[in-house]
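Undergrad: Before I ask anything, here is the structure I am working with.
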Amino acid sequence: PQGPSTPPQDIRLPQLRRLLKQPVEVFLRDRLNVTLDRPEEASPEEEPFGMNALERFKLTDAITHAKDAPAAIALLQRGGSLALAGFGQAQQNQLLKDRDTLMTRYAAKIDTWPMALTAQDLHLELGPHTLHAEWAHDPHTLWRSRADHSAWLQVVLRPGSVTEGNAKIKLPRAETLTDLWLNHLVACASGVATTSIQIGLNGEVQFNPMQVDQAKAHLLHLLALFDQAWDKPLPVARKTACAYLTAKRLQEPHPMHKAEQKFTGNRRQQGEFTESAALPCVFQHFEDIAPTLPEWAERLYGDMLDAAQLLGSTDTADHAEEAA
């Protein structure tokens, strides 16, 4: 199938989110209008006595953003997501403990940000493009404002890990930051000093305010990459690219080996190629993206990772590691 012959000039923020989430989807969805079918998760046929990391992540996320946590817990139990009796009570206690950790850290951040920010929108002329952006409307992203509206705070609560690395060096977990980064750029580009923080169970990551011209330059760069991704599939995948960048910045001896592991998977973890609906439509092997992966990883995610500041981390093995 063939799409339009030239890239669109009007771009919406969700299209840039797609570029950073899985670059090849820009070609498949925006250019060719291909619908990607993702298999639905099967309902468990037996009582869920144990939660794996992904299940715990999803359930904690659900009750963290619920207005009434006990009611959300009861709804999950009625829906069969939690076990009954003592097993279910233990699960509830763990979920509420994770929620309390996130909410306590969030409460400590907003003392000087007394006002909730209402939905915002912006139309930016950037080169040949007009970027249409909306933010502060998604309930999963929390926005606050100074009393005099001079500055904004964006907070994302992530019921899992926000850091990675080794015993000596920790880095922000780059693959989880793309939405926070884009929201940060458009908010700063609007002219309001914005601080963006991701709060996790083992640390916090922050993007500091930046000048309007700097934020616009980052967005202009991403729009140019969108045009290239629209023209043909980019030989890169988000998790794989971020694994390469992290290993490189940690000065590990074989960053491409880390990238290949993330792409193909291993006995402990499914690879990005297998879990993606888009990648098998375009590629067959890691070797299809390997030659230019370092270049595209830097172009798509290098600025984001370099701008991310790790505020603190705690060594804990008891947290959800992966999000869908």
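Undergrad: Applying a 10 Å radius around every beta-carbon, put 192-203, 90-101 in order of their mean neighbour count, most first.
TA: Highest to lowest by the protection proxy: 192-203, 90-101.
Undergrad: A further question on this structure: P(r) tail for the range 239-311, what percent of Cα pairs lie past 18 Å?
TA: Counting pairs separated by more than 18 Å, the tail of P(r) holds 40 percent.
Undergrad: Let me ask you something else. Based only on the alpha carbon positions, what is the Kirkwood hydrodynamic radius of the range 111-266, in angstrom?
TA: Values: mean 1/r = 0.0578 Å⁻¹.
Across the range 111-266, the inverse of the average 1/r is 17.3 Å.
Undergrad: While we're on this one: What number, rounded to the nearest 500 deg cm²/dmol, is the helix-based mean residue ellipticity at 222 nm of the chain, given -39500 (n - 2.57) per DSSP H run of at least four residues and division by all its residues?
TA: Numbers: 12 runs with 128 residues, N = 324.
Result for the chain: -12000 deg cm²/dmol, rounded to the nearest 500.
Undergrad: Spelling out what I want: for every residue of the range 113-126, take phi, set θ = phi - 60°, compute 6.51 cos²θ - 1.76 cosθ + 1.60 (Karplus), and round to whole Hz; glycine and proline get x.
TA: 3J(HN,Hα) across the range 113-126, in whole Hz: 10, x, 10, 6, 8, 7, 4, 10, 8, 8, 10, 10, 8, 10.
Undergrad: Could you tell me the largest-minus-smallest coordinate of the C-alpha atoms of the chain on each of the three principal axes, in descending order and whole angstroms?
TA: If we take the Cα atoms of the chain, the spans are 60, 53, 42 Å.
Undergrad: Measuring from label point to label point, each 7 Å out along Cα→Cβ, what is the residue 311 to residue 132 span in nm?
TA: Placing both labels 7 Å along Cα→Cβ, they lie 3.4 nm apart.
Undergrad: Calculate the spin-label point distance for residue 68 paired with residue 110, positioning each point 7 Å from the Cα along the beta-carbon direction, and give it in nanometres.
TA: The answer from the label model is 2.0 nm.
Undergrad: Send over a whole-number figure in Å² for the accessible area per residue of the chain, probe 1.4 Å.
TA: On a per-residue basis, 50 Å².
Undergrad: Over the range 255-317, what percent of the accessible surface lies on carbon and sulfur atoms, probe 1.4 Å?
TA: The nonpolar share, carbon plus sulfur, comes to 45 percent.
Undergrad: Past the 24 Å Cα-Cα mark, which pairs from 67/216; 67/170; 170/262?
TA: Those over the limit are 67/216; 67/170.
Undergrad: Same structure again: Is there a quick way to get the dipole size of the chain? I mean about its Cα centre, with the Cβ of Lys and Arg at +1 and of Asp and Glu at -1; what is the value in debye to the nearest 20?
TA: So the dipole magnitude of the chain works out to roughly 460 debye.
Undergrad: Separate question: Calculate one ³J(HN,Hα) per residue across the range 180-187 by plugging θ = phi - 60° into the Karplus curve 6.51 cos²θ - 1.76 cosθ + 1.60, and present them in order as whole Hz with x for glycine and proline.
TA: Values per residue, Gly and Pro as x: 4, 5, 5, 4, 4, 5, 5, 5 Hz.
Undergrad: Could you tell me what percent of the accessible area of the range 78-190 is made up of carbon and sulfur, with a 1.4 Å probe and every protein chain present?
TA: C and S fraction of accessible area: 54 percent.
Undergrad: At 0.890 mPa s and 25 °C, plugging the Kirkwood radius over alpha-carbon pairs of the range 177-297 into Stokes-Einstein gives what diffusion coefficient in µm²/s?
TA: 151
The values are calculated or read from the model by the stated rules, or taken from the named source; none is laboratory data. Since the structure is predicted, the reported quantities are computational estimates derived from the model, not experimental observations. Backbone-built Cβ (ideal geometry, glycine too); neighbour counts: all protein chains shown. For the accessible areas, the whole protein counts, side chains as well, though only heavy atoms, and no ligand, DNA or RNA atoms are used. Shrake-Rupley method; radii C 1.70, N 1.55, O 1.52, S 1.80 Å.
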